[in-house]
């Protein structure tokens, strides 16, 4: 099973630790692309802080992010599951997992990253500030850059198993599963049901997805299809309905949407 997660905008900067070592990260095939992005980001922030703030979409009170990016290559690194914060990661509670569940997180989870393309929870990384829609000098639009590199590592990582794609729109553009994988891709939408009315939720969408991933990691079962995943989550206490199959531009199956129905937020 491969579970795709978005990163978090907010990050906890490690206070101590060894600096970034690219050869210590999983998905070693991305080393060259990672180097290109990091060098471009560091160079921009170190040589022209004002332009860097403009490119990164930062305001006058966020200059510290530019300074941190400029020192990125020498900054302390920590496990990605300690660096990424926010609603989804708080609900998921990766740092609290132990034993087999923690091992599964390392094997199953892949976190999109504008700076590193994709990382595993145990990959040691520094905190950084870079969004997927940034037009980084020398790189171009970050999401488009990674789209040209991630297939080589994520398609083999997916193998013949189920892909649970929980990424937000911007980060979904980093990698689109090929047609051969499409029928085994499950996406999720969280709906709040009040009476006979259902509404898409935003803040609680992230929290619900985090709790679902945690349940899957603790349980350890590996459903093979989106329909099997929906049934399995029902057994774990979730109300899940199969949505419409997704098609790509050629009409080929590109995944199955699962609707997670919640009555209490």
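Computed from the coordinates by the stated procedures, all read-outs in this text should not be read as laboratory data. None of these values were measured; they are calculated from a predicted model. Glycine also receives a Cβ, built like all others from the backbone with ideal geometry; neighbour counts cover every protein chain displayed.
Numbers below:
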| read-out | value |
| --- | --- |
| Residue of 124, 156, 137 that the Gaussian network model of the chain assigns the largest fluctuation, springs spanning Cα pairs under 10 Å | 156 |
| Angle between the chain longest axis and helix 226-235 axis [Cα atoms, degrees, rounded to 10] | 70 degrees |
| On Cα atoms only, tilt of 203-219 relative to the major axis of the chain in degrees | 70 degrees |
| Contour excess over end-to-end distance, with Cα ends at residue 197 and residue 67 and 0.36 nm allotted per residue | 42.0 nm |
| Centre separation in Å (Cα based) which lies between segment 27-64 and segment 188-218 | 34 Å |
| Contour excess over end-to-end distance, with Cα ends at residue 133 and residue 189 and 0.36 nm allotted per residue | 17.9 nm |
| Cβ-Cβ FRET estimate between residue 180 and residue 244, R0 fixed at 22 Å, reported to 0.05 | 0.60 |
| Extension gain, residue 204 back to residue 101 (0.36 nm per residue minus Cα-Cα distance, nm) | 34.7 nm |
| Computed FRET value (nearest 0.05) for residue 160 with residue 36, which takes r as the C-beta separation and R₀ as 25 Å | 0.20 |
| Residue 9-residue 141 pseudo-label distance in nm [points 7 Å out on the Cα-to-Cβ vector] | 1.9 nm |
